[in-house]
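Q: Input: one structure, supplied below.
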Amino acid sequence: MKVSGPFVKFMVAALVGSQCLATYAGAESQDDRFKDVEIRVIRPKYFTKRNRFELGADFSIVSNQTFIYSYLLTGNATYHFTEAWAFEGAGSYGFSIDKADKRDLDAKFSIKTEILRTKYMMDGALLWSPIYGKYQLASGRLIYFDTFLIGGLGMSGVEYKYDNCDTGTNSNNPTYVAPSPQSKSYLTAIGGLGQRYFINSSTSLKWSVRNHYFQYSKADGACDKANPPQGTDTNQNIVIQLGASKFF
Amino acid sequence: MLSKLNQILVFVFLACSSIAVADLRQAEALMVKKDYMNAAPIFYQAYSLARTQMERSRAELGLARTLEAAGLEYSASKYFSLIARRGPGPGNPFFAESLDALGRINDRVSLGRSHVVQLFQKEVDPSQVPGKARGFYFYFKGIEAFDRKQYDKAQEFLTRVTAGSIDYPKAQFHLGVIANLNGDSARAVSAFERAISEAKGPESSFLKEQANLNLARVYYEKKDFRKSMRYYAEIPRRSDNWLQAMFESSWAFFLIQKFNNTLGNIHTLHSPFFENRFFPETYILQSITFLRLCRFTQVKKSLSEFRERYKGIFRSLSQTINENQQEPAKFYSLVKNYRVGGRDGGDIAPILDSLSRTDTYRDASYTIAAADSETSKLSRAPSSWRSTGLIDELNDFLSKKKFAAANDSGKRMLNNARNSYSYLQDLSNQTRFINLDMQLGKIDKLRGELNVTQSNDRTVNFIGGLQELEVGQDLEYWPFEGEYWEDELGGYVYNLDSKCGASGSAKSK
């Protein structure tokens with residue numbers, strides 16, 4: 001295995017078991033960057049992204065929620081204005097399922113957990129692909145990849161079901177009626193990283209891990225709307241996305 | 001007493017004759033029913049008992065047809081050849097059909113050069129050659145003359161191979177070679193291009209590659225190195241000809257002062273992937289390229305690597321040639337054992353490897369494999385094939401064919417091996433001259449002798465893979481850090497400046 005450029009340690013950790021070569025795709029010309037290398041391979045780039053649109057679909061899962069599973073389908077459109085830089089617009093929509101733990105807490109201990117259920121997400125982000133490289137599988141087949149970092153802004157749509165609010169006979173106030181379910185949108189900062197694996201000159205398989213960080217008003221999820229808690233809190237959704245994309 | 005004997009002889013003759021005629025009728029009836037396996041031995045019996053030439057010819061033709069229909073192509077060719085060899089004429093009405101069938105068989109399983117040469121030993125009026133067999137006939141007559149270096153005669157025959165014949169692309173290829181030998185590069189180019197455009201199907205890929213290589217050589221000789229490079233670049237990486245193209249294009253790069261490309265190509269040729277390939281001249285080219293860059297330490301290193309790599313070959317090769325001189329078929333087996341038997345070739349492995357990639361080895365191997373496959377089919381034939389003696393005759397024929405193929409190929413390969421020996425000796429002498437001149441301080445003189453072309457092609461830059469650098473092209477760079485990657489072979493470009501100083505030659509691109 002041989003690698004070069006920043007983020008090498010990360011790459012090395014990811015590439016155990018296969019032969020890999022990665023290189024840093026920065027702003028300075030490649031000829032300059034390899035000027036001290038006595039022998040170089042110079043050839044047309046296997047996969048060019050400059051001035052190409054990329055349309056993709058991902059299966060996304062919010063991975064850091066204790067009591068629910070949130071699954072979303074994501075569509076994204078990316079324009080690569082250079083080999084290294086691109087702008088991505090993405091939208092996700094999905095649903096969540098309660099985990100057994102949540103149901104057990106309610107059934108056995110009457111503990112009702114307050115949950116932020118992510119229903120949709122949308123964002124615009126800049127993508128920077130500083131590393132491209134190749135793996136050689138044991139069979140001899142080569143797979144080219146790039147690694148990208150992503151940063152941007154968007155909205156996270158949270159669904160409040162108010163199913164944690166005590167109602168009926170269990171409630172201290174028998175006349176209490178829980179608020180009607182609603183969705184609220186919050187401005188979200190996004191950061192993450194991922195990789196694309198180019199399976200031919202127009203198709204890639206990709207994965208990414210993104211942190212969706214947003215601030216929300218505590219009052220939005222309050223059961224008692226007459227005396228809501230004051231202030232705000234923050235939430236992070238660590239979203240793992242797996243998908244494929246086509247370049248045009 | 002004498003008249004009694006005559007009467008007996010006449011009786012036996014008539015009896016045999018009537019048996020033969022009856023056999024022929026029976027066999028022909030079976031053939032109509034497509035019962036080839038039972039028809040063949042009866043035809044053979046009729047052939048053995050035939051008392052007139054016409055009966056014999058009918059039996060030969062019937063036997064040949066049934067064997068061909070039964071998928072025993074070489075065996076069929078034996079009897080078709082017997083008819084064809086007698087030449088055309090009123091006494092041989094099946095000549096045209098037999099020649100046609102031989103052309104058809106040769107398209108499917110190569111008959112081999114020695115077989116075809118024997119076929120046409122008798123002078124034939126070309127107008128008597130049937131339409132479908134004309135391509136086959138003229139092509140092989142042309143090749144026969146070509147092998148004897150009678151190029152005018154070869155050209156005369158080869159130009160008569162018409163478009164549409166399966167032999168047309170091969171004929172065009174040879175016409176290209178002849179035109180080039182005659183210094184007519186324009187005709188050579190059009191002949192090679194016709195060979196490429198007319199060669200269809202995957203089985204023609206080798207011919208196309210050879211034509212591209214020859215086009216590259218024609219442009220190389222014309223000092224049009226840019227065009228030459230384009231044709232070298234046409235040879236696919238998976239091809240046996242690819243390394244040859246890499247090697248020859250290294251010289252083209254050298255002549256247009258693209259020394260970093262020359263060294264890059266040589267880096268590929270010297271990679272461990274090709275440690276048994278025979279390209280000794282690359283060390284000489286590498287040393288003179290370093291010399292042009294005034295990198296004298298590397299010049300010495302290249303020369304010493306040459307000696308190190310090839311010193312063992314001289315004695316072993318000479319010994320192997322001497323041992324096999326009288327038995328070329330044994331030499332063929334040696335090459336075969338190296339190629340397919342996985343036997344270590346020892347010091348001469350690069351020579352054996354190089355020989356195992358020649359047309360002559362390939363053709364012989366194909367013939368032998370096809371003959372083996374027929375022998376195996378024959379072992380499953382009905383018992384009547386054995387009782388009539390047909391199987392023995394066919395096995396004997398196939399075994400002789402295999403021996404002839406191995407022997408002929410062995411002879412040619414021994415000749416190639418001798419040439420390789422002389423080539424190595426010549427290169428070895430060149431290393432001594434380069435060293436001597438360096439030691440005597442004649443570097444300027446030597447470098448002057450290596451003065452290269454002032455061609456306009458020098459202004460073009462090349463990336464790996466023999467490709468011209470295009471403006472605005474997105475490139476990928478991979479550093480070579482001592483580890484060879486298979487996909488990078490052919491893509492290396494050195495990054496060395498000339499150390500000749502202000503008075504030296506131009507800086508290497």
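Q: Could you work out, residue by residue across B:354-367, how many beta carbons of other chains sit within 10 Å of that residue's beta carbon, and then give the average as an integer?
A: 0
Q: Beta carbons within 10 angstrom, averaged per residue: use that to sort the peptides B:184-191, B:153-160, highest first.
A: B:153-160, B:184-191
Q: Under the definition of Cα pairs under 8 Å and six or more residues apart, what whole-number percent is the relative contact order of the stretch B:30-181?
A: Relative contact order, the stretch B:30-181: 14 percent.
Q: If you average over every viewing direction, what projected area does the convex hull of the Cα atoms of the stretch B:272-320 give, in nm²?
A: 3.8 nm²
Q: Normalised by the number of residues in the stretch B:262-360, what is the relative contact order in percent for Cα pairs under 8 Å and 6+ residues apart?
A: Once normalised by length, the contact order is 28 percent.
Q: May I ask for the angle, rounded to the nearest 10°, between helix B:53-69 and the longest principal axis of chain B, with both axes built from Cα atoms and the value confined to 0 to 90°?
A: Roughly 50 degrees between the two axes.
Q: Would you mind calculating the relative contact order of chain B from Cα pairs under 8 angstrom and at least 6 residues apart, reporting the percent as a whole number?
A: 14 percent
Q: Also, I was wondering about something else. Under 22 Å Cα-Cα from B:Lys34, which lysines qualify once same-chain neighbours fewer than 8 residues away are excluded?
A: B:Lys34 reaches B:Lys78, B:Lys377.
Q: Order these peptides, B:73-80, B:376-383, A:64-71, B:29-36, by their mean beta-carbon neighbour count within 10 angstrom, highest first.
A: B:73-80, A:64-71, B:29-36, B:376-383
Q: With a point put 7 Å past each Cα toward its Cβ, work out how far B:Lys411 is from A:Ala77 in nm, to one decimal.
A: Roughly 7.5 nm, to one decimal.
Q: Roughly how crowded by other chains is peptide B:463-471, in terms of the mean Cβ count from those chains within 10 Å of each of its Cβ atoms?
A: Averaged over the peptide's residues, the number is 2.
Q: Here's something else I'd like to know. Normalised by the empirical 2.2 N^0.38 Å for globular proteins, what value does the Cα Rg of chain B take?
A: It is 1.24.
Q: Please give the helix B:73-85 orientation as an angle from the longest Cα principal axis of chain B, in degrees from 0 to 90, rounded to the nearest 10.
A: Value to nearest ten degrees: 70.
Q: Is there a simple number for the mean count of other chain Cβ atoms within 10 Å of the Cβ of residues in A:130-142, and what is it?
A: Per-residue shielding by partner chains comes out at 1.
Q: Still on this structure, I have one more. Which of the lysines could a cross-linker span from B:Lys200 if the Cα-Cα distance has to be under 28 Å and same-chain partners fewer than 8 positions apart are dropped?
A: B:Lys132, B:Lys141, B:Lys153, B:Lys170, B:Lys208, B:Lys227
Q: Using per-residue counts of other Cβ atoms within 10 Å, averaged over each peptide, order B:171-183, A:129-141, B:291-303 from highest down.
A: Final packing ranking: B:171-183, B:291-303, A:129-141.
Q: Dividing the alpha-carbon radius of gyration of the protein assembly as shown by 2.2 N^0.38 Å (N being the number of residues), what value is obtained?
A: After normalising by residue count via 2.2 N^0.38 Å, the value is 1.42.
A short reminder: the numbers here are calculations on the coordinates, not readings from a lab. Nothing here was measured: the structure is a model prediction, and the numbers come from that model. All Cβ positions, even for glycine, are placed from backbone atoms using ideal geometry, and neighbour counts span all protein chains on display.
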